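To start, the structure under review is shown below, and the notes come after it.
The values are calculated or read from the model by the stated rules, or taken from the named source; none is laboratory data. Note that the structure is a prediction, hence the values are computed from the model and not measured. When we count neighbours, we look across all protein chains shown, and the Cβ atoms used for this are built from the backbone with ideal geometry, even at glycine.
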Amino acid sequence: MKQLIAPSILAANFNNLGSEIQMINSSVADFIHCDVMDGVFVPNISFGIPVISKVNKIAEKPLDVHLMIINPDPYIKRFKEAGASIITVHQETCVHLNRTVQSIKNEGIKASVCLNPHTPVHTLEDIIEDIDMVLLMSVNPGFGGQKFIENTYSKVSVLKKMIDKRNPECLIEVDGGVNYETGKKLFEAGANVLVAGSFVFNSSNPAETIKRLRNL
């Protein structure tokens, strides 16, 4: 399975967001990662449905929408209508995770489940066959530019074994502290998709940085 890159627009220049999206469009990026934060589940507030709707008007890559919010169920249909191709919910926020995943799939889009750094991979054993992607946080969610948590490599390896046995088409995405060094090790451990925010948008040539990450 090929290596994929999802630049996170949380780190983009919002004074010039249109140009940032056009840069991603012209790059070899595979997704546009959209971090939605509610200030409750995570200690930060980002953006929501109106911004994603605007991004979708000019985006030429699928929108990979990561809902870092409590009780995501009432918003699934609205995020799909805003342009989401993939919706990720947190295992930690969903009381009835199977129901939430099915609600996403009922909208005709891909369903993904995220685990925070402290949440063990085995908590997905009863749902791994029903999802299209697992997002592993390699930092504590809420802010960009954090230090990579080294235990993530072993989590990727454990998850990869589970997926190979029970749902080989399921992707493994990793978000947080991604750079050339950590990205290479994550791909080697079994990850398929790297989310990169600050590392891409703070570089002197973001499109080239995306290309180098994809070819690690």
- [ ] Quick one: in segment 140-181, of everything that is among the aromatic types (Phe, Trp, Tyr) and within 25 Å of GLU208 (Cβ to Cβ), which residue is farthest from the chain's Cα centre (by Cα)?
- [x] TYR180
Open item on the list: For the structure I just gave you, tell me whether LYS161 is surrounded by fewer than 14 Cβ atoms within 10 Å (Cβ to Cβ) and within 19 Å of PHE187 (Cα to Cα).
Closed with: yes
Task: Filter result for the condition that a residue is touching a helix residue (DSSP H, G or I) at 6+ places or on another chain (Cβ under 8 Å) and not polar (S, T, N, Q), over VAL42, VAL28 - done: VAL28
Open item on the list: Against the condition more than 29 Å from GLY39 (Cβ to Cβ), out of contact with any strand residue (DSSP E or B) (no Cβ under 7 Å at 6 or more places or on another chain) and either in a helix (DSSP H, G or I) or basic (Lys, Arg) (or both), how does SER204 come out, does it pass?
Closed with: no
Task: Residue pairs meeting the criteria (Cβ under 8 Å; at least 6 apart or on separate chains; first loosely packed, with under 15 Cβ neighbours inside 10 Å, in segment 7-32; second of a type in the set (Asp, Glu)) - done: ASN13/GLU20; ASN25/GLU60
Task: Selection within segment 77-99 - crowded, with 22+ Cβ neighbours inside 10 Å and either out of contact with any strand residue (DSSP E or B) (no Cβ under 6 Å at 6 or more places or on another chain) or outside any strand (DSSP E or B) (or both) - done: PHE79
TODO: Filter segment 1-27 down to residues that are more than 16 Å from SER203 (Cα to Cα), over 15 Å from the mean Cα position of the chain (by Cα) and outside any helix (DSSP H, G or I) and give me whichever is modelled with the lowest pLDDT.
DONE: MET1
Task: Hey, ASN151 surrounded by fewer than 19 Cβ atoms within 10 Å (Cβ to Cβ) and under 22 Å from ILE69 (Cβ atoms) or not - done: no
Task: Inter-residue pairs, beta-carbon under 8 Å, first touching a residue at least 12 places away in the same chain (Cβ under 8 Å) and in segment 183-206, second hydroxyl-bearing (Ser, Thr, Tyr) and part of a strand (DSSP E or B), 6+ apart - done: VAL195/SER8; ALA196/SER8; GLY197/SER8; VAL200/SER8
Task: Filtered residues of segment 41-76 (kept if assigned to a loop (DSSP other than H, G, I, E, B) and over 20 Å from LEU136 (Cα atoms)) - done: PHE47, GLY48, ALA59, GLU60, LYS61
TODO: Select from segment 100-124 the residues that are more than 18 Å from ALA191 (Cα to Cα) and touching a helix residue (DSSP H, G or I) at 6+ places or on another chain (Cβ under 7 Å) and write down the one among them that is surrounded by the most Cβ atoms within 10 Å (Cβ to Cβ).
DONE: ILE104
TODO: Determine if segment 149-171 includes at least one residue that is part of a helix (DSSP H, G or I), at pLDDT 95 or above, of a type in the set (S, T, N, Q) and under 22 Å from GLY197 (Cβ atoms).
DONE: yes
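One line per residue, one yes/no per condition, for (1) of a type in the set (D, E, K, R); (2) more than 25 Å from SER154 (Cα to Cα); (3) under 13 Å from the mean Cα position of the chain (by Cα); (4) at pLDDT 95 or above:
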| residue | (1), (2), (3), (4) |
| --- | --- |
| VAL36 | no, yes, yes, yes |
| PRO62 | no, yes, yes, yes |
| VAL95 | no, yes, no, no |
| ILE104 | no, yes, no, yes |
| GLU129 | yes, no, no, yes |
Open item on the list: Looking at PRO117 and the list (1) closer than 22 Å to MET1 by Cα; (2) under 16 Å from the mean Cα position of the chain (by Cα); (3) in a loop (DSSP other than H, G, I, E, B), which single condition is not satisfied?
Closed with: (1)
Task: Filtered residue count, segment 188-208, keeping only those that are surrounded by 21 or more Cβ atoms within 10 Å (Cβ to Cβ) and within 15 Å of LEU4 (Cβ to Cβ) - done: 7
